1. For every helix of n ≥ 4 consecutive DSSP H residues, a contribution of -39,500 (n - 2.57) applies; sum these over the chain, divide by its total residues, and give [θ] at 222 nm rounded to the nearest 500 deg cm²/dmol.
2. At 1.567 mPa s and 4 °C, plugging the Kirkwood radius over alpha-carbon pairs of the chain into Stokes-Einstein gives what diffusion coefficient in µm²/s?
3. For segment 230-343, what is the number of Lys pairs with C-alpha distance below 22 angstrom, counting only pairs 8 or more positions apart or on separate chains?
4. Quick check: pseudo-label points 7 Å beyond the Cα along Cα→Cβ at Glu182 and Gln242, how many nm apart are they?
5. Where the centroid of each part is defined by its Cα atoms, how far is segment 236-258 from segment 285-344 in Å?
6. What residues have an amide H closer than 5 Å to that of Phe168, excluding those fewer than 5 places away on the same chain, when H is modeled at 1.01 Å from N in the peptide plane?
7. When the Karplus curve 6.51 cos²θ - 1.76 cosθ + 1.60 is applied with θ = phi - 60°, which whole-Hz ³J(HN,Hα) does each residue of segment 18-27 get, with x for Gly and Pro?
8. Just subtract the alpha-carbon distance of Thr68 and Lys155 from 0.36 nm times their residue separation and send over the number in nm, one decimal.
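Quick note: the coordinates plus some simple rules give every number you see, no bench work behind them. Every value quoted in this text rests on a predicted model; they were computed, and no experiment measured them. With ideal geometry, Cβ positions are generated from the backbone for all residues, glycine too; neighbour counts draw on all protein chains shown.
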Amino acid sequence: MDLKKISINAALPGKPRSRILIIYTGGTFGMTYDKDGVLIPFDFASILEHLPSLKNLLLEITVYSFETPIDSSNIDTEHWKLIGKIIHDHYHDNDGFVVLHGTDTMAYTASALSFMLEGLNKPVIFTGAQLPISEPRSDARENLITALDIASARKDGEALVPEVCIYFDYELLRGNRSKKVESLRFDAFDSGNYPPLAKAGVKIDYNFSAIGRRHGNGPLTLRTRFDSNISIIKLFPGISQQVVRGILHTDGLKAVVLETYGSGNAPTFPWLIEELKKAIERDIIIVNVSQCPGGRVLQGRYETSKKLQQIGVISGADMTTEAAVAKLMLLLGEYGTTRTKNMVSLSLAGELTA
């Protein structure tokens, strides 16, 4: 995929306090109107005209933009690999990274990057907007300015937030704990099972007890092998055996994210338990996550989840569906089925509470 590179030194004539790399993938954020009133991709070469306050951050910025910006609904694992490669290849030359991404699949991409970037010690901040930057009421300007500020924040030479995050509407959230919860309001994201890492007001108030620890000073390792042979089964009253069986007998299927009720509960219909049991016997991994935006799976607490535990369904604890999907695809691609079974319930990047 072709990339465009733009260099912006917003600190001139002074010395920049940090070097930040922006990756622009597409999405609502970077749209502006041409002279005919048609929405077209934003030209980052003119960013200082749109955001003159950017000069106050005293940053040296490099922008890598997808030659053809994409709607986030079209994001796939190849785009995840490209984003990860850009960060990996330019890791030592920059103090932090900001990824501008459409909101619809941002939580999936942020989750994937948290697992791909092993040994990360610098901020990777995802952000975007609900309204294009050209709109008078756009949230794009504040989201980008604060994301850049957080990505460049350091103390005693070390990054304040050395992990993959989403910044949106005055809150910084752990990327693999987040999900999109609003399509019309500015507070588009939430992390029901984990507190915000920071809140932006008159100043940015960091919640250091929630921020991930640094991983020493070792090298950054990039993991890029994905296996997409997984599916999601969301339980609902009236779900049929034919539907469940059809999914579980998909050619090449290796894992299923089972979205259950409440704390991991499912119908105790004999046919459902039998279909799941046979799938597990065929070496298909089934991970139980809750449909609730908050709380966690407690298999065995109720009779309706005890049977899942007995047949070998793996508890996803308090993982989001987005994190479970990205984690399964990467683990299967990197390590295969046997090791994935042992690793999926472990916290690899702060995505679950053990």
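1. Only helices count here, giving -8000 deg cm²/dmol.
2. Details: Rh = 21.2 Å.
Rounded, D is 61 µm²/s.
3. So the count of such lysine pairs works out to 21.
4. The answer from the label model is 4.2 nm.
5. That distance is 15 Å.
6. Here the answer is Leu173, since their amide H atoms fall under 5 Å of that of Phe168.
7. 7, 10, 10, 10, 9, 10, 9, 9, x, x
8. On the way: separation 87, 0.36 × 87 = 31.32 nm, distance 3.71 nm.
Difference between extended and current length: 27.6 nm.
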